[in-house]
1. Quick check on this structure: which one of B:N52, B:N39, B:N95 is of a type outside the set (V, I, T) and surrounded by 23 or more Cβ atoms within 10 Å (Cβ to Cβ)?
2. A:L210 - would you say it is within 30 Å of B:A77 (Cβ to Cβ), modelled with pLDDT of 75 or more and open to solvent by 60 Å² or more (accessible area, probe 1.4 Å)?
3. Would you mind finding the one in B:V23, B:V30 that is farther than 18 Å from A:S68 by Cα, open to solvent by 10 Å² or more (accessible area, probe 1.4 Å) and more than 7 Å from chain A (Cβ to nearest Cβ)?
4. Of the numbered conditions (1) at the interface with chain B (Cβ under 7 Å from one of its Cβ atoms); (2) open to solvent by less than 60 Å² (accessible area, probe 1.4 Å); (3) in contact (Cβ under 8 Å) with a residue 12 or more places away in the chain; (4) of a type outside the set (S, T, N, Q), A:K148 satisfies every one except a single condition; which is it?
5. With respect to A:G226, is the statement that it is at pLDDT below 85 and within 14 Å of another protein chain (Cβ to nearest Cβ) true?
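The values are calculated or read from the model by the stated rules, or taken from the named source; none is laboratory data. Because the structure is a prediction, the values reported are computed rather than measured. Here the Cβ positions follow ideal geometry from the backbone for every residue, glycine too, while neighbour counts run over all protein chains shown. Keep in mind that these areas ignore ligands, DNA and RNA; they rest on the heavy atoms of the full protein, side chains included. Shrake-Rupley method; radii C 1.70, N 1.55, O 1.52, S 1.80 Å.
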Amino acid sequence: MSLPAVDVLSQFLAQQPEPVQRVVDTVTTGEAIAFWVLGPLALAGALGMLFARNAVHSALWLVVTMLSLGVLYMIQQAPFLGFVQIIVYTGAIMMLFLFVLMMVGRDSSDSVVEVIRGQRLAAALLGIGFAVLMVGSVGRALTSVQSKGLAEANTTNGGNVGNIGTKLFTDYLFAFELTSALLITAALGAMILAFVGRDGKPARKTQKELVEERFQEGKRVGSIPGPGVFATANSVATPALLPDGSVSEESLFEVIEATDSSTLSDDLAEVAGTGHQPDSHALKGSES
Amino acid sequence: MTPTYYLLLSALLFSIGAVGVLVRRNAIVVFMCVELMLNAVNLSLVTFARINGSLDGQVMAFFVMVVAAAEVVVGLAIIMSIFRTRRSASVDDSNLLKY
């Protein structure tokens, strides 16, 4: 007995990606469309980040750029890097940026004052010059480049991820090991830099210190007796009694002590058992 | 269209990031511009991997991502500790060594 779905799944898992014997890589129309959509989007995100006054807006514009770049990686035959870009960069790093922005620099928008005179103009000229130089030289130098494409590397031997893993653990093993040292150092450094010592605040007193302090002050050590703890009444007007039968002064409620005794005479009589008694027929109304 | 176009996009993004580093005054935004420059370089590495037909470029881009992640963690911690002592995230306010 075998389910058809299991058969299909096992066939799907058993089949290897077929090696493609194509050496020359061509840019398909779909890729060109994707590039002309995502490329301007990435540029718009970068420019938005550059010109946004609010730092949070800058971060969100940068998210746009990074997402577009992730998709560009995917259509450039780097699916693993594309997903890593989306997960690590836009998922982790940019959220870390937003987190720190919310804690630190959200309200500190950029100052308009130029500390160095003419710095912005110089920076803009420098940037434009650099861009023109790079775009011109790259564009002229690489016009006749024939792209080989990754069709073979992405289909044989486990595909893109498998081949990257093989390279990581063979050719780049030493660099990979160094990466672990780097990550540990970064984690330790972040912990040390972000640690807030207890310099400002006095340390909290321990329970033992609190007890000793209380005894040294010479005040009452135990709790104050509550009023009305005896069986006849739980009214605040009823004082607690000490073991010898006398009234505990500390349990007296000062407001009641200050009132005239005649206004409380009913309550006193009830407590003493001489006054009004509960009537079992009272709830029946007038028929009693 | 050839893969060279990706290199041009990468160059433009890199220059925008460089201008941002020079112009912006908020330390966190400056840091984001550095991230943009790293991303631009990653795009060119991926493109070179495709042009050369080998995955070495992608592995290098992977390493760049790892280093960028570590850098962000430490850099943001530094920015936070500076903010804690000087109550400001502006790069202009860290001028105690000026004179």
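1. B:N39
2. Spelling it out, it is not the case that A:L210 is within 30 Å of B:A77 (Cβ to Cβ), modelled with pLDDT of 75 or more and open to solvent by 60 Å² or more (accessible area, probe 1.4 Å).
3. Result: B:V30 is the single residue among B:V23, B:V30 that is farther than 18 Å from A:S68 by Cα, open to solvent by 10 Å² or more (accessible area, probe 1.4 Å) and more than 7 Å from chain A (Cβ to nearest Cβ).
4. Only one criterion in (1) at the interface with chain B (Cβ under 7 Å from one of its Cβ atoms); (2) open to solvent by less than 60 Å² (accessible area, probe 1.4 Å); (3) in contact (Cβ under 8 Å) with a residue 12 or more places away in the chain; (4) of a type outside the set (S, T, N, Q) is unmet by A:K148, namely (2).
5. When the stated conditions are applied, A:G226 does not pass them.
The rows are residues; the columns are (1) more than 7 Å from chain A (Cβ to nearest Cβ); (2) assigned to a helix (DSSP H, G or I); (3) hydrophobic (A, V, I, L, M, F, W, C).
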site: B:N42; (1), (2), (3): yes, yes, no
site: B:V64; (1), (2), (3): yes, yes, yes
site: B:V73; (1), (2), (3): no, yes, yes
site: B:S81; (1), (2), (3): no, yes, no
